[in-house]
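**Student:** Pasting a structure below so you can have a look.
The values are calculated or read from the model by the stated rules, or taken from the named source; none is laboratory data. Remember, predicted model here, so these are calculated numbers, not experimental data. Cβ atoms come from the backbone with ideal geometry, glycine included; neighbour counts cover every protein chain shown.
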Amino acid sequence: DAKTTQPNSMESNEEEPVHLPCNHSTISGTDYIHWYRQLPSQGPEYVIHGLTSNVNNRMASLAIAEDRKSSTLILHRATLRDAAVYYCISLNSGNTPLVFGKGTRLSVIA
Amino acid sequence: KAGVTQTPRYLIKTRGQQVTLSCSPISGHRSVSWYQQTPGQGLQFLFEYFSETQRNKGNFPGRFSGRQFSNSRSEMNVSTLELGDSALYLCASSNLYEQYFGPGTRLTVT
């Protein structure tokens, strides 16, 4: 599993798009990129995952660089409820164990 | 579908005591993982059980143990509690790619 690097914190205005970056320069060909977020006083919540192609779901989009050394989680319209710590995790086989870094603390301003 | 439940939600114990925490996974999920979250160390993987067998183990002392029952419910036990064991203990159940976390048990050791 590759080490990931994320900014400590980011700030966004409500209803604006948010691009959360993640570097994973040592990622191997079979490592998936997973994103989880943890809202205040809650357990982590799965957001999205991908391998090579960009992925979309109801919560967010995941854009993966062509060389797979970086990826970006995109929240299309940030809301106050999106304020959380976002974790980017590189994972090889199966889906455990998740190795959490410090993540990016996203603040959303009304 | 009901989410992951953990009991109790809050617990206060004294140094030297032991504690058992319980986790009920989402129906149909056979994998249960446990994580410890502290302000200093962040989220750290404890162990994972699949079909009543420990499949992965993190780097924690032997005082931390767990088990899984035939209905996939899981318990973790911490013996001879230390002050440093004060943490939020999170349980996650998973299907193929996503882990679903419970709200956690907040353990305070005095």
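**Student:** Which of the numbered conditions does A:TYR87 fail, given that it passes all the others? Conditions: (1) under 11 Å from the mean Cα position of the chain (by Cα); (2) over 21 Å from B:GLY40 (Cα atoms).
**Tutor:** Single failed check for A:TYR87: (2).
**Student:** Let me ask you something else. Is at least one residue of region A:47-60 closer than 24 Å to B:GLN36 by Cβ and touching a strand residue (DSSP E or B) at 6+ places or on another chain (Cβ under 7 Å)?
**Tutor:** Yes, some residue in region A:47-60 is closer than 24 Å to B:GLN36 by Cβ and touching a strand residue (DSSP E or B) at 6+ places or on another chain (Cβ under 7 Å).
**Student:** With the structure loaded, tell me whether B:SER72 is assigned to a strand (DSSP E or B), away from chain A (no Cβ under 14 Å) and either small (Gly, Ala, Ser) or within 21 Å of B:TYR97 (Cβ to Cβ) (or both) or whether it fails that test.
**Tutor:** For B:SER72, the condition - assigned to a strand (DSSP E or B), away from chain A (no Cβ under 14 Å) and either small (Gly, Ala, Ser) or within 21 Å of B:TYR97 (Cβ to Cβ) (or both) - is not met.
**Student:** Given B:GLY62, B:GLY84, which one is exposed (fewer than 13 other Cβ atoms within 10 Å of the Cβ), assigned to a loop (DSSP other than H, G, I, E, B) and more than 13 Å from chain A (Cβ to nearest Cβ)?
**Tutor:** That would be B:GLY62, the only listed residue that is exposed (fewer than 13 other Cβ atoms within 10 Å of the Cβ), assigned to a loop (DSSP other than H, G, I, E, B) and more than 13 Å from chain A (Cβ to nearest Cβ).
**Student:** If I filter region A:82-110 down to residues being within 18 Å of A:SER9 (Cβ to Cβ) and modelled with pLDDT under 95, which single residue comes out as farthest from the other protein chains (Cβ to nearest Cβ)?
**Tutor:** Step by step, filter region A:82-110, then rank; the result is A:ALA110.
**Student:** Taking the criterion of being crowded, with 18+ Cβ neighbours inside 10 Å, free of Cβ contacts under 8 Å to residues at least 40 places away in the same chain and part of a strand (DSSP E or B), would at least one residue in region A:65-81 satisfy it?
**Tutor:** The answer is no; no qualifying residue exists.
**Student:** Looking only at region B:65-80, filter to residues that are within 13 Å of B:GLN36 (Cβ to Cβ) and touching a residue at least 40 places away in the same chain (Cβ under 8 Å); which one of those is surrounded by the most Cβ atoms within 10 Å (Cβ to Cβ)?
**Tutor:** Ranking the qualifying residues of region B:65-80, first place goes to B:VAL78.
**Student:** Tally the residues that are in a loop (DSSP other than H, G, I, E, B) and either surrounded by 12 or more Cβ atoms within 10 Å (Cβ to Cβ) or among the aromatic types (Phe, Trp, Tyr) (or both), restricting the search to region A:18-32.
**Tutor:** Matching residues across region A:18-32 total 5.
**Student:** May I pose another question? Looking at (1) farther than 23 Å from B:ALA87 by Cβ; (2) of a type in the set (Val, Ile, Thr); (3) surrounded by fewer than 20 Cβ atoms within 10 Å (Cβ to Cβ), find the lone condition where A:VAL47 falls short.
**Tutor:** (3)
**Student:** Filter region B:47-59 for residues that are assigned to a strand (DSSP E or B) and over 14 Å from the mean Cα position of the chain (by Cα); which is surrounded by the fewest Cβ atoms within 10 Å (Cβ to Cβ)?
**Tutor:** B:THR53
**Student:** Right, here's the next one. Taking region A:97-110 as the search range and keeping residues that are more than 12 Å from the chain's Cα centre (by Cα) and surrounded by 20 or more Cβ atoms within 10 Å (Cβ to Cβ), which one is nearest to B:TYR49 (Cα to Cα)?
**Tutor:** A:PRO97
**Student:** What is the residue count in region B:8-19 for residues that are in a strand (DSSP E or B) and closer than 22 Å to B:GLY62 by Cα?
**Tutor:** Residues meeting the conditions: 4.
**Student:** Just checking, which of A:GLY43, A:GLY50 is over 15 Å from the mean Cα position of the chain (by Cα) and within 14 Å of another protein chain (Cβ to nearest Cβ)?
**Tutor:** Of the residues listed, the single one that is over 15 Å from the mean Cα position of the chain (by Cα) and within 14 Å of another protein chain (Cβ to nearest Cβ) is A:GLY43.
**Student:** What about A:THR72, is it on the phi < 0 side of the Ramachandran plot and over 13 Å from the mean Cα position of the chain (by Cα)?
**Tutor:** Here the answer is no, as A:THR72 does not meet what is asked.
**Student:** Also: Restricted to region B:1-46, and to residues that are aliphatic (A, V, I, L, M) and away from chain A (no Cβ under 11 Å), which residue is nearest to the chain's Cα centre (by Cα)?
**Tutor:** Per the stated criteria, the residue is B:LEU21.
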